[in-house]
1. Working only within segment 182-205, note down all residues that are outside any strand (DSSP E or B) and either out of contact with any Ser or Thr (no Cβ under 8 Å at 6 or more places or on another chain) or free of Cβ contacts under 8 Å to residues at least 40 places away in the same chain (or both).
2. Inside segment 340-353, can you point out the residues that are buried (at least 17 other Cβ atoms within 10 Å of the Cβ) and of a type outside the set (A, V, I, L, M)?
3. Within segment 116-137, is there a residue that is buried (at least 24 other Cβ atoms within 10 Å of the Cβ), part of a loop (DSSP other than H, G, I, E, B), of a type in the set (A, V, I, L, M) and out of contact with any Lys or Arg (no Cβ under 7 Å at 6 or more places or on another chain)?
4. Looking at (1) closer than 26 Å to Gln654 by Cβ; (2) open to solvent by less than 30 Å² (accessible area, probe 1.4 Å); (3) at pLDDT 95 or above, which one does Gly558 not meet, given that it meets all the others?
5. Residues of segment 82-115 being closer than 27 Å to Glu167 by Cα, assigned to a loop (DSSP other than H, G, I, E, B) and within 10 Å of the chain's Cα centre (by Cα), which ones?
6. Confirm whether Arg456 is open to solvent by 40 Å² or more (accessible area, probe 1.4 Å) and among the basic types (Lys, Arg).
7. Just one of the numbered conditions (1) open to solvent by 20 Å² or more (accessible area, probe 1.4 Å); (2) out of contact with any helix residue (DSSP H, G or I) (no Cβ under 9 Å at 6 or more places or on another chain); (3) within 25 Å of Arg692 (Cβ to Cβ) is not true of Gly212; which one?
8. Assuming Ala426 fulfils every condition listed in (1) small (Gly, Ala, Ser); (2) closer than 19 Å to Asp304 by Cα; (3) part of a loop (DSSP other than H, G, I, E, B) apart from one, which condition is it?
Amino acid sequence: MKWMWIPALAICSSGAALGTTVEQASKPLETVTIIASRERLAGSGSVIGAVELEKFHYTDIHRILAQVPGVYSRGEEGYGLRPNISIRGSHGDRSGKITLMEDGVLIAPAPYTAASAYYFPSTGRISGIEVLKGPAGIEHGPYAVGGAINLLSTPIPERMGGAVTAEAGQDETWRLHGRYGGNSGGWGFLLESHIHSSDGFSDIANSSNSTGFRKDDWLAKLRYNSQPGGAFEQRLELKLQYSEEQSEQTYVGLTEADFSRSPYLRYGLSREDRMDNRHQSVNLSHQLESDGSFRLTTTAYYNDFTRNWYKVDKIDGEGINEVITCANGGSCAGMSSRHGEYNQDFASAVLGGEAAADVYLKNNNRDYRSQGVQTRLALEWAGAGWRHDLALGVRYHQDEEIRQQPVDLYLQGGDGSLEPVELGVASRSSGEAKAWSLYLVDNISYGDWSLKPGLRYETYTIRGADHDELLPGLGLTYDVDDHWQLLAGIHAGHSPSSSEDSDPETAVNFEAGFRYRSDAASAELVAFFSDYDNIIGVCANSGGAGGDCELGDTDNGGAAEVLGLEFQAGYSIALGSAVMPVTASYTYTRAEFKSSFSGSVWGNVEKGDRLPNLPRRQWQLNTGLYLDNGLGGDLSLRHFDESCATAACLDFQQVDQHQVLDLALHYDLNDSTRFYLIVENLTANEDDIVSRQPKAGARGQKPRTLLAGFRRRF
């Protein structure tokens, strides 16, 4: 391992909070945040708080994370139902190479066995988001190369009260979000509901079926705090969550010609495609604290996620990739059908519902369960000018995936009709994982210097294969004065492999930069470098634009390098009684394979090929204007360079350079009531292909969409 020469252990410090701080509950024992302060953060990171989230009332996590440098995302259906998020060049498909958490607890359906995030919490109910990049993985594994995302649920409020948000817009879109709770006599509670629905913006050929979704999400919290004054204060909290989703989404994209004619078309053979899922979780937490210098937090958690995505899997026994490639004028070699001879015209006719075909719809029916116990001990002490903030954490985790996936045969007629022919027989498979993880970090401060050594140990068994990983790191910050801070860090990164087809992913990660902060302005510039010994790819149904792989396959990608530069800045301008905030973020990335190979997931790779779906440059500029009479507005402009869905980057695998402009206007009737109007994709950019996945089809961004709503606090 390259990192064995590292002489000390660790992580570097501090993240800049972009915009606002996360809304906190009143009691000091209500601590679900990870980024408590920039001096204590292990690695660079960003916080997006409740006030920032309310500017645009986004429900798509991709739109929110675009403001964080070093974070890349790829949408597919326009609503962010199943995010594809990458941090610092990690493989972004289904967010399977980052550590996803809600309130500090792993939230992916089966983080070790099958990490692909087919479940993601309803973004509209989230009160804050923490993005921890690079060295933060020491404390927040198991995916410790790129970083972690921690979603913060609504905290229990100090006083009795609540809020309701109601929203409606185009395509029969509506959203209702309500919450109520408070504290009394040491007891606290919160009840919350978030319901979101839309008919969708695409039209299915030869069908009146919807292309939208409905997702209902409920949350309840109950907490008891011991009375103050004793040697120890204690808190016991129960958190319950339940959600259901029905969405008429597909993996079948469009050919180049069809996208040019009608970017919001859906092929008629996908009319039966539908996702049904259910998620439920239980968290029980206990916290013991003494004088702020000792804190022991233990959480037991259980997550259950059941889903069936019934969708087109093959056409005439051929993969969707192959049919779309053939229709685009690519190779049709080896393709066959009992209804005709595959060539470009026939493939196009099949997709368009103008030729008969055998269409196979697969029940992607899976059950996921994850459970575990984690505990964190935090100790603080000082003496002789030195200060120590020590954290020791232990977690035991189990998860499993069970698949029952029959394939049904339908016959598409030459008139675009679709009739069932034969029901399939379920095939059953399963996998499970057990893992112990341990971390120890110490933030050592002396004067203007801060040194943060850290060590993480992972030992786990996935599908019968055993692995042990020891991950050290070291970080350093220096406060030049009250405004400027320098930082540097190095840490060993690791991502588990979920099959025996590949080794775990390993990398050595570096970062260095500076920060500036004053009352009106802030800025951060960080350079990062990830040197992969082995980068792995995972075959998921959502991929497939590369090689011809079987679900669950993993590939050793060999050596790779990701070099990048992250910049973010903010400035608040006073214009008389008005305020004009301006924030900007920029990311430059150069990510390349360092060897040539051919694999089932990555496809054909030549040394020097770029890693897929990573734009060289992306940036965001936000500005607003807030008047003292309650009127205000925000404008967000995002830019993404071109990228490619595959390393080989062949014809019809390119993703276009594109921009997105969103506008939000609001009027605060008083401190409790706000009316707002949002226009997403204000310039109505419809011609850009923003994704080639799932399954190699062209996809555009969500069309211009108008939403209006109000929020009332009480």
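The values are calculated or read from the model by the stated rules, or taken from the named source; none is laboratory data. Worth saying up front: this structure is predicted, and the values here are computed from it rather than measured. Backbone-built Cβ (ideal geometry, glycine too); neighbour counts: all protein chains shown. The protein model used for the area step is the full one, side chains on, heavy atoms only, and it has no ligands, DNA or RNA in it. Shrake-Rupley method; radii C 1.70, N 1.55, O 1.52, S 1.80 Å.
1. The answer is Gly185, Asp199, Ala205.
2. Within segment 340-353, Gly340, Tyr342, Phe346, Ser348, Gly352, Gly353 qualify.
3. No, there is no match, as no residue in segment 116-137 is buried (at least 24 other Cβ atoms within 10 Å of the Cβ), part of a loop (DSSP other than H, G, I, E, B), of a type in the set (A, V, I, L, M) and out of contact with any Lys or Arg (no Cβ under 7 Å at 6 or more places or on another chain).
4. (3)
5. Arg82, Pro83, Asn84 - these are the residues of segment 82-115 that are closer than 27 Å to Glu167 by Cα, assigned to a loop (DSSP other than H, G, I, E, B) and within 10 Å of the chain's Cα centre (by Cα).
6. no
7. Of everything listed in (1) open to solvent by 20 Å² or more (accessible area, probe 1.4 Å); (2) out of contact with any helix residue (DSSP H, G or I) (no Cβ under 9 Å at 6 or more places or on another chain); (3) within 25 Å of Arg692 (Cβ to Cβ), Gly212 misses just condition (1).
8. Result: Ala426 passes all but (2).
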